[in-house]
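Engineer: Submitted below is the structure of interest, expressed as structure tokens.
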Amino acid sequence: MTVLKEVRQQPHISNEVYKNSSYHQGLIKRSLSYLSSGYPIHFTGPSGIGKTTLALHIAKQRKRPVLLLNGNKALSNEDLIGAFTGYTSNKVKDNFIRTVYKTEENLTESWSEGRLLEAVKKGYTVVYDEFTRSQPETNNLFLSILEEKILPLYGTKQKESYVRVHPEFSVIFTSNPAEYAGVFRSQDALLDRMITLPLEQMDEKAEIAAVSSKTGIPFQEAGAIVKFVSKVREFCETQEHGQGPSLRSSIMIADLAQRSEIPIDGGDETFQQLCMDVTAFPLQTCLEKKDLSEIKKKLLTECKKIKVGE
Ligand SMILES: Nc1ncnc2c1ncn2[C@@H]1O[C@H](COP(=O)(O)OP(=O)(O)O)[C@@H](O)[C@H]1O
Ligand SMILES: [Mg+2]
């Protein structure tokens, strides 16, 4: 099964945040310079911190075609390099002498090229999202790409045994450190060959800009939601099983309030319910005491403080 797709970019969404954040601007500038010097980069951090969005934003700046690859355990070398997908046959029937049949069959295997092979040959920028979810055997391909600058074609019955990596080819990896402890441990050799940049949580201003540009709600309302979610995050006692509600929670509240015409107002019961539905579970995962009714009580008190326009 293949999970490769060309990226359809959302052109303006991420810019609003990055252009006003010196942290992101610096990071983008350094990343572009590492990539153009031939070094792959790797953004790591918890879910919802903005890794994929940033990786795609940077990839787009390189002015090369972008290929988005999603790591998963079913991703195979065949998906990446290519495979013979079956036979096409050519039949010739000779009925010249009626009683004698002459049948000639030409079988040709049809080759379907994998997306990584195309990217390597033509110098695309690959965003390999959540790469640690793939099997080490699959990721080993990247070892040769990064180290020897070749993509081996073993097992494919191709005439050449490898292809050379195009000089403009580059890779941006992303991963979530909480998943390293998963099944596939042996990514260390690969990690050793990239520049790993832990992504910091957006500051409040950047988060407000992200929520506002992503959902289209006014800045002031986005601000009220982001402040509430940051406050909820502060309740967290342990980061072991989660980081509390992420930027995604703020976006969800803003988006749902907008779609269902719920007023962003702590005094509104539907809004209170929305805030609790979105944040109760992520908060529960980062608390020692997991009593849901206690958690909801805490959230309700915090939500009631939300007032826009004061
Ligand atoms: N710069 C940004 N501007 C607007 N929205 C953003 C920005 N960065 C992230 N987001 C939004 O925040 C959410 C989480 O971002 P994402 O990149 O998917 O995080 P991660 O890959 O770390 O889980 C997504 O809905 C994404 O669209
Ligand atoms: Mg992601």
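Values in this text are rule-based calculations from the coordinates and carry no lab data. In this text the structure is predicted, and so the values were computed from the model without any measurement. Here the Cβ is made from the backbone with ideal geometry for all residues, glycine too, and neighbour counts use every protein chain on show.
Engineer: With Cβ to Cβ distances under 9 Å as the rule, what net charge do the other residues near Lys51 carry (K, R +1; D, E -1)? If you can, show how the numbers build up before the last one.
Structural biologist: Numbers: positive: none; negative: Asp129, Glu130.
Value of the local net charge: -2.
Engineer: Using alpha carbon centroids, what distance separates the stretch 246-310 and the stretch 24-67, in Å?
Structural biologist: 32 Å
Engineer: How far apart, in nm, are two points set 7 Å out from the Cα along the Cα-to-Cβ line at Glu179 and at Lys73?
Structural biologist: The modelled label-to-label distance comes out at 1.2 nm.
Engineer: Next question. Please tell me which of these pairs span more than 20 angstrom C-alpha to C-alpha: Lys214/Lys298; Lys63/Lys121; Lys29/Lys63; Lys231/Lys289; Lys227/Lys305?
Structural biologist: Exceeds cut-off: Lys214/Lys298.
Engineer: Determine the shape class of the stretch 192-288: with a ≥ b ≥ c the square roots of the Cα gyration tensor eigenvalues, call it rounded for a/c under 1.5, and otherwise prolate if a/b is greater than b/c, oblate otherwise. If you can, show how the numbers build up before the last one.
Structural biologist: On the way: a/c = 2.43, a/b = 1.40, b/c = 1.74.
It is oblate, given that a/c is not under 1.5 and a/b is not larger than b/c.
Engineer: If a paramagnetic tag sat 7 Å from the Cα of Glu288 along the Cα-Cβ line, which residues of the stretch 227-244 would have the backbone N under 20 Å from that point?
Structural biologist: 232-244
Engineer: A further question follows. Straight-line reach from Lys296: which aspartates and glutamates have a Cα under 19 Å away, not including same-chain ones fewer than 8 places off?
Structural biologist: Glu234, Glu237, Asp265, Asp268, Glu269, Asp277, Glu288
Engineer: Using a cut-off of 12 Å between beta-carbons, work out the net charge of the residues near Ala222 (Lys and Arg +1, Asp and Glu -1, Ala222 not included). Each step should come with its number before you reach the end.
Structural biologist: Numbers: positive: Lys205, Lys214, Lys227; negative: Glu16, Glu204, Glu207, Glu221, Asp255.
Net charge around Ala222: -2.
Engineer: Give the aspartates and glutamates whose C-alpha is closer than 17 Å to that of Lys149, dropping any in the same chain fewer than 8 places away, or say none.
Structural biologist: Correct list for Lys149: Glu118, Glu160, Glu168, Asp192.
Engineer: Checking the cross-link filter: which lysines have an alpha carbon closer than 22 Å to that of Lys73, excluding same-chain neighbours under 8 positions apart?
Structural biologist: Lys5, Lys51
Engineer: Just to be sure I understand the model, the point goes 7 Å from the Cα along the line to the Cβ. What's the resulting Ser33 to Gln258 distance in nm?
Structural biologist: Going from the Ser33 label point to the Gln258 one covers 3.6 nm.
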